[in-house]
1. Output the residue which, of all residues in segment 81-110 that are assigned to a strand (DSSP E or B) and within 20 Å of L62 (Cα to Cα), is modelled with the lowest pLDDT.
2. Limited to segment 94-110, what total is found for residues that are over 16 Å from S173 (Cα atoms) and within 16 Å of ligand 2 (Cβ to nearest atom)?
3. Mind counting the residues in segment 153-185 that are away from ligand 3 (no atom under 16 Å from the Cβ), touching a helix residue (DSSP H, G or I) at 6+ places or on another chain (Cβ under 9 Å) and of a type in the set (S, T, N, Q)?
4. Only one of these is in contact (Cβ under 8 Å) with a residue 24 or more places away in the chain, over 16 Å from A137 (Cβ atoms) and surrounded by 17 or more Cβ atoms within 10 Å (Cβ to Cβ): D69, D101. Name it.
5. Looking at segment 7-31, I want the residues that are within 16 Å of ligand 2 (Cβ to nearest atom) and have a partner that is in a strand (DSSP E or B) and of a type outside the set (F, W, Y) with Cβ atoms under 6 Å, at least 6 apart or on another chain. Which pairs are those?
6. Could you list all residues from segment 65-97 that are away from ligand 3 (no atom under 15 Å from the Cβ) and either in contact with a Pro (Cβ under 7 Å, 6 or more places away or on another chain) or of a type in the set (D, E, K, R) (or both)?
7. Given the criteria assigned to a loop (DSSP other than H, G, I, E, B) and either without any contact (Cβ under 8 Å) to a residue 24 or more places away in the chain or surrounded by fewer than 17 Cβ atoms within 10 Å (Cβ to Cβ) (or both), does V201 qualify?
8. Which ones in segment 140-156 are buried (at least 17 other Cβ atoms within 10 Å of the Cβ) and in a helix (DSSP H, G or I)?
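The values are calculated or read from the model by the stated rules, or taken from the named source; none is laboratory data. Owing to the predicted nature of the structure, the values given are computational and were not obtained by experimental measurement. Cβ placement follows ideal geometry from the backbone for every residue including glycine, while neighbour counts extend to all protein chains displayed.
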Amino acid sequence: MMDKATRLKVALQKSGRLTDNSLDLMVRCGLKYSRGKDQLMCYGENMPLDLLFVRDDDIPDLVQQDVCDLGIVGLNVIEEKRLAFQAKGVQPLFDQLMTLDYGKCRLSIAVPDGVEYKDARSLHGKRIATTYPNILARYLRQRDVQAEIVTLSGAVEIAPRLGRADFICDLVSTGSTLLANHLWEAETILESQAAIITTPVPVSAEKQDWIHRLTMRIDGVQQVKESKYIMLHAPRSKLADIRKLLPGSESPTIVPLDGNGDKVAVHAVCRENVFWETLESLKGAGASAILVLPVEKMLA
Ligand SMILES: Nc1ncnc2c1ncn2[C@@H]1O[C@H](COP(=O)(O)OP(=O)(O)OP(=O)(O)O)[C@@H](O)[C@H]1O
Ligand SMILES: O=P(O)(O)OC[C@H]1O[C@H](OP(=O)(O)OP(=O)(O)O)[C@H](O)[C@@H]1O
Ligand SMILES: [Mg+2]
């Protein structure tokens, strides 16, 4: 096992929307861990990698200050911090390594029911409540709109009812929070999902190697989620039709069947979900003995 200085430190959200998915991702990448007594750290038992649990807003700073080598956080927070650093004349040091397939949401302007909104000019001279003042300020600046930004750290959706703002700029996913608060989504200003950020401060060769391995494993984990392995028998004459029906597959393996010159076995990895409709179409095209198997691990 490597010594402390060579162990990767990864910052994750302590408790919130990204926590379960982030921890699950690490486990799928092979991490076995034991949790510290204070619940603030997890120690990797089979990889030189430890997890730190913090507020998501602190993750870019921890990576910026090189306290952590990697952090998993939403693009919304990354962008807000990047702009906040720039506004203070500080060079943002963290780099974006890769995006992840969860935490998908958007930062949108929302308007109280019954209030009109045509385009960004409708915001002119108004008060807008948000947790993302820098992203909103950039949006307004780019459209030459002057408005007052009311920065709140949470519960932004109730600001109009409290008379603190005319509009809000907040995260939306299903839209149910807006609906419950009598607001409607007028415009999206940023699309977001979880991402991994990394310190560009040079790390040791061992750490770099583990960052590379982790990236490859995450790629593999994200790819297998939708992937299926299909096996079927097909008449040689129908192969072209059947190949067209295999969703998102690269060149399939074609194996002759012993004692049956007309038929072959087709094996293919399909990188998209395989629905019953696809199996029915395959059968209709002449396929038989169709098997669909889950893919557990994949390394490109
Ligand atoms: N409704 C949603 N659907 C999907 N992803 C979301 C949703 N809301 C937020 N997110 C993403 O998850 C991140 C964390 O959201 P959460 O609401 O847990 O943050 P928080 O309240 O700021 O937590 P913390 O206590 O860590 O500061 C957001 O920054 C965003 O990237
Ligand atoms: O469009 P929806 O699906 O309703 O999601 C949007 C809501 O989700 C997030 O809050 P979250 O529920 O994570 O709680 P929080 O406000 O305590 O951060 C976000 O801040 C919105 O309020
Ligand atoms: Mg937060």
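1. Initial filter on segment 81-110 (assigned to a strand (DSSP E or B)): 95-99, 105-110.
Pick out the ones that are also within 20 Å of L62 (Cα to Cα) and you get 95-99.
Working: D95: 92, Q96: 95, L97: 96, M98: 97, T99: 98.
So the residue we want is D95.
2. 0
3. Residues that pass the stated criteria total 1.
4. On the way: D101 fails: surrounded by 17 or more Cβ atoms within 10 Å (Cβ to Cβ).
Sole residue among the options that is in contact (Cβ under 8 Å) with a residue 24 or more places away in the chain, over 16 Å from A137 (Cβ atoms) and surrounded by 17 or more Cβ atoms within 10 Å (Cβ to Cβ): D69.
5. Listed pairs, sorted by first residue: L12/L51; L12/I72; K14/V54; L18/A194; T19/Q13; S22/L12; S22/I72.
6. As a first pass, look at segment 65-97 and keep what is away from ligand 3 (no atom under 15 Å from the Cβ): 65-70, 82-83, 85-97.
Across segment 65-97, the qualifying residues are D66, D69, R82, F85, Q86, K88, L93, F94, D95.
7. Values: assigned to a loop (DSSP other than H, G, I, E, B): yes; either without any contact (Cβ under 8 Å) to a residue 24 or more places away in the chain or surrounded by fewer than 17 Cβ atoms within 10 Å (Cβ to Cβ) (or both): yes.
Answer is yes for this residue.
8. L140, V156 - these are the residues of segment 140-156 that are buried (at least 17 other Cβ atoms within 10 Å of the Cβ) and in a helix (DSSP H, G or I).
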